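The values are calculated or read from the model by the stated rules, or taken from the named source; none is laboratory data. Owing to the predicted nature of the structure, the values given are computational and were not obtained by experimental measurement. Because the Cβ atoms are built from the backbone with ideal geometry, glycine has one as well, and the counts that use them run over all protein chains shown. Only protein heavy atoms, including side chains, enter the accessible area calculation; ligands, DNA and RNA are left aside. Shrake-Rupley method; radii C 1.70, N 1.55, O 1.52, S 1.80 Å.
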Amino acid sequence: MGSLSISKLQFLLLPFLTFLWVASADHHEDFLKCLHSQNSNSISKVIYTPINSSYSSVLQFSIRNGRFNTSATPKPLVIVTPLNVAHIQAAIACSQKHGLQIRVRSGGHDYEGLSYVSVLPFVVIDLINMRTVAVDVGNKIAWVQTGATLGEVYYRIAEKSRTLAFPAGVCPTVGSGGHISGGGHGMMMRKYGLAADHIIDVKLIDVKGRILDRASMGEDLFWAIRGGGGNTFGVVVAWKLELVTVPPTVTVFNVTRTLEQNATKLVHQWQSAIGKFDEDLFSRIFLSRANTSQEGKTTILAVYTSLFLDGVDRLLSMMQQSFPQLGLVKEDCIEMSWIESTVYFARFPRNTSLDVLLDRRPGSTRSFKGKTDYVTEPIPEIALEGIWERLNQLDAQVAQLQFTAYGGKMDEISETSIPFPHRAGNLFQIHYAVFWGDQDSERSQKYTSWIRKLYSYMTPYVTKNPRQAYINYRDLDLGMNTLGNTSYKQARIWGTKYFKNNFDRLVHVKTKVDPANFFRNEQSIPPLSSW
């Protein structure tokens, strides 16, 4: 069942699910009465059901993958957009009392829609209203509510200081809650590690409705929530971030090479150069098929994207020593502040106002499927040519691969320091993605089949036993829990791919804090009681 999607699983269980959804109608009314009884004065303002005119707009606002925005997609019975901790506590208590699943959404970027979709009757706690960012420059810390997007976090830090930052992801509309819960890598990870490596305290509501911080929850649970995945151990309300220092000026570049400009050999050489890169340099390659100026002819584009935490002169000197084959020159580079670089790498035009970081609107929402791999030995040129052949099977610019260099600080942090295990020994991560713009089932099947075949083709060139993956790019192809009867045996199939040997420790933490498995989804950690 590991390769089943939510929609296929729903079809196979249709008679059972229909019974559950019909039976849940009564529970739905009881759930609402329960909410009102606990928060009679305020909670009515943040409850949305299908009969509300705003229900669809609230639900769809944070859906980032069109695959899960169809008429057939299971919808929540209730959406709660809490304004305070009491609203979350009430939603947890009433969901338990009336047998409803809980899904928690901070940004909506979950690759498989698990923060707002369930095959069982469910409620969504949407944290969009809980997004305060309080920055303490003197102590180099910030308290961030988990509904805040990364763009909001970056903007609020820059309001107070242009030489403080937080090492997290590129996309400004990603919610900080889900991002940090899965580890959170980004443009400064070779210098500072992951977002989750810089969490020093937390406010979490557990299955009993208690508000816990690091001291009261204990170090085991504090370890688990920093990379063990969202919607498993409780609802994180806020993170305490340790901020990092950045120079007043950083340097960025995007340099494109085509097959005709020796792209295959350059991609191969880049893999060997990673170990020579200064930790101040982040390096990523975007690989895609593109049209050329000649009608009917396409090529492969390799776009080298980098952030360097210093000025252009030192960057050029370092690149000359570590990767001279790229031929980087001063005209390729742009100096700017770190906060300006967050706008640049989010692909906004130069001189776009920083206010764009505060815009939560998703823009156009395309359907997509993503997968990940880790690489420990350079991929040979002949294998790269096999990737180009497969990219040529699709229309231009439909599919993209990202090669993201690891190393630097990532090599220095133990793979057991937090649940995220992909540390020393990994040269780079591969992210595969394929996009399509409509809900045509035939097109969806074509593209998902294509990416699965590409993933299969890459088997000899990536990690083995287990073949590793990154939980923030969740992939249900790796295996799924049966929600009604989760087993350790089932969960271990996908769990060791995301967490390696850390999976068993996560299971023991889950057993201690949520033995009845209330917080669960298709890829959440199971307790021992479910073995």
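When the chain is fully extended, how far beyond the present Cα-Cα distance does D359 get from T249, taking 0.36 nm per residue of separation?
Working it through step by step, the gained length comes to 37.1 nm.
Evaluate E = 1/(1 + (r/R0)^6) for D136 and Q325, where r is the Cβ-Cβ distance and R0 equals 45 Å; express this FRET efficiency to the nearest 0.05.
Rounded to the nearest 0.05, the efficiency is 0.50.
Efficiency by 1/(1 + (r/R0)^6): what FRET value for E385 and I493, r their Cβ-Cβ distance, R0 = 30 Å, to the nearest 0.05?
0.40
Write down the radius of gyration of the range 133-245 and its Dmax, each obtained from C-alpha positions, in Å.
My reading of the Cα-based Rg and Dmax gives 13.2, 41 Å.
What is the ratio of the Cα radius of gyration of the range 20-126 to 2.2 N^0.38 Å, with N the residue count, to two decimals?
In units of the globular-protein estimate, the range 20-126 measures up at 1.00.
Tell me whether the range 102-183 comes out rounded, prolate or oblate; compute the Cα gyration tensor, take square roots of the eigenvalues as a ≥ b ≥ c, and use a/c under 1.5 as the rounded threshold.
Note, shape of the range 102-183 comes out prolate.
Where Rh is the Kirkwood radius over the Cα pairs of the chain, the temperature 20 °C and the viscosity 1.002 mPa s, what D in µm²/s does Stokes-Einstein return?
90
Rounded to the nearest Å, what's the spacing between the alpha carbon centres of the range 483-531 and the range 193-256? Just the number, please.
Cα centroid to Cα centroid, the span is 20 Å.
Could you check what % of the DSSP bridge pairs in the chain are antiparallel, to the nearest 5?
The antiparallel proportion sits near 90 percent.
Only Cα pairs under 8 Å and at least 6 apart count here; give the relative contact order of the range 491-530 as a rounded whole percent.
This gives 43 percent for the range 491-530.
Can you pull the one-decimal nm distance between simple spin-label points at S216 and L528, each 7 Å off the Cα toward Cβ?
Between S216 and L528, the simple spin-label model gives 2.6 nm.
Please report, in whole Å, how far the alpha carbons of the range 454-531 spread along each principal axis, starting with the longest.
On the principal axes, the range 454-531 reaches 40, 22, 21 Å in Cα extent.
Can you compute the modelled spin-label distance between S42 and Q60, with each label point 7 Å from Cα toward Cβ, in nm?
3.1
Can you tell me the length gained on complete extension of the stretch D411 to S53, counting 0.36 nm per residue apart and subtracting the Cα distance?
That works out to 123.8 nm of additional length.
Under the 0.36 nm per residue contour assumption, what length would be gained going from the current alpha-carbon distance of T298 and T482 to full extension?
Full-extension gain reported as 61.8 nm.
On a C-alpha basis, how far is the centre of the range 81-139 from the centre of the range 323-383 in Å? Whole number, if you could?
29
Considering every pair of different Cα atoms, what Kirkwood radius, in Å, is found for the range 184-298?
After inverting the pairwise mean of 1/r, the radius is 18.3 Å.
If r is the Cβ-Cβ distance from S71 to K446 and R0 is 22 Å, what FRET efficiency results, to the nearest 0.05?
With R0 = 22 Å, the Cβ-Cβ based efficiency is 0.60.
Using a 1.4 Å probe over the heavy atoms of the protein chains, calculate the carbon and sulfur portion of the accessible area of the range 20-126 as a whole percent.
Using a 1.4 Å probe with all protein chains present, the range 20-126 comes out at 52 percent carbon and sulfur.
Among all cysteines in the chain, which have no other cysteine Cβ under 4.7 Å from their own Cβ?
C171, C333
Beta carbons within 10 angstrom, averaged per residue: use that to sort the peptides 168-175, 441-448, 307-314, highest first.
Ranked by mean Cβ neighbours within 10 Å, highest first: 168-175, 307-314, 441-448.
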